[in-house]
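**Q** So that we are looking at the same thing, I have put the structure below in structure tokens.
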Amino acid sequence: MQASVLSSKACVAARPVQARTARRTAATRAAPVQAKYGEESRFFDLQDLENTIGSWDMYGQEDKNRYNSLQSEFFERAAGGLTRREYVLGLVAIGAAGILAWGAKGSADVKLPITVGPQQTPAVGPRGRL
């Protein structure tokens, strides 16, 4: 009986917690923020496209013979197998199978900590617990 009386007195004596609200400050700025490009605050200028979007003609040549013939032949042969959808899907499937195989076998061989588990017995805490 005494314990219930003491607990009810403790609840009555407690002070309620009041939530604090953040003060609102006036959102005025000394000067408005303005981004300018060129004159009259234009962001896109159709008369000056080179300064607006950059120089796309930087490297000059647009014809087919802009690369060395050996370099062109090498990249055409290297990417030749990727021209069909089945070949690309096969390449992706082989890559995914390799990742799964490493996850199953290779991660154990590397002895990652998550696959090995704890190496030492855990230290006992101050109250005799783990």
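The values are calculated or read from the model by the stated rules, or taken from the named source; none is laboratory data. Only a predicted model underlies this, so the values are computations on that prediction, with no experimental measurement involved. All Cβ positions, even for glycine, are placed from backbone atoms using ideal geometry, and neighbour counts span all protein chains on display.
**Q** When the residues of the stretch 66-78 are narrowed to those that are of a type in the set (A, V, I, L, M, F, W, C) and surrounded by 10 or more Cβ atoms within 10 Å (Cβ to Cβ), which ends up modelled with the highest pLDDT?
**A** Out of the qualifying residues, it is Phe74.
Here's the yes/no breakdown for (1) at pLDDT below 80; (2) surrounded by 10 or more Cβ atoms within 10 Å (Cβ to Cβ):
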residue	(1), (2)
Thr21	yes, no
Asp48	yes, yes
Gly54	yes, no
Tyr59	yes, no
Lys64	yes, no
Gly80	no, yes
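**Q** Next question, about the same structure. With respect to Ala93, determine if the residue is part of a helix (DSSP H, G or I), at pLDDT 80 or above and hydrophobic (A, V, I, L, M, F, W, C). Reasoning before the result, please.
**A** Details: part of a helix (DSSP H, G or I): yes; at pLDDT 80 or above: yes; hydrophobic (A, V, I, L, M, F, W, C): yes.
In short, yes.
**Q** Which condition number does Thr115 fail, the rest of (1) among the β-branched types (Val, Ile, Thr); (2) at pLDDT below 70; (3) in contact with a Ser or Thr (Cβ under 7 Å, 6 or more places away or on another chain) being met?
**A** (2)
**Q** Just give me the residues in the stretch 96-128 being assigned to a loop (DSSP other than H, G, I, E, B) and at negative phi, in sequence order. Break it down into steps so the answer makes sense when it comes.
**A** Taking the stretch 96-128 as the starting set, the residues that turn out to be assigned to a loop (DSSP other than H, G, I, E, B) are 111-112, 117-128.
Selection gives Leu112, Pro118, Gln119, Gln120, Thr121, Pro122, Ala123, Val124, Gly125, Pro126, Arg127.
**Q** Further question: Those residues that are of a type in the set (D, E, K, R) and surrounded by 11 or more Cβ atoms within 10 Å (Cβ to Cβ), I need them from the stretch 88-114; list them, please.
**A** So in the stretch 88-114, the residues of a type in the set (D, E, K, R) come out as 105, 109, 111.
Hits for the stretch 88-114: nothing passes.
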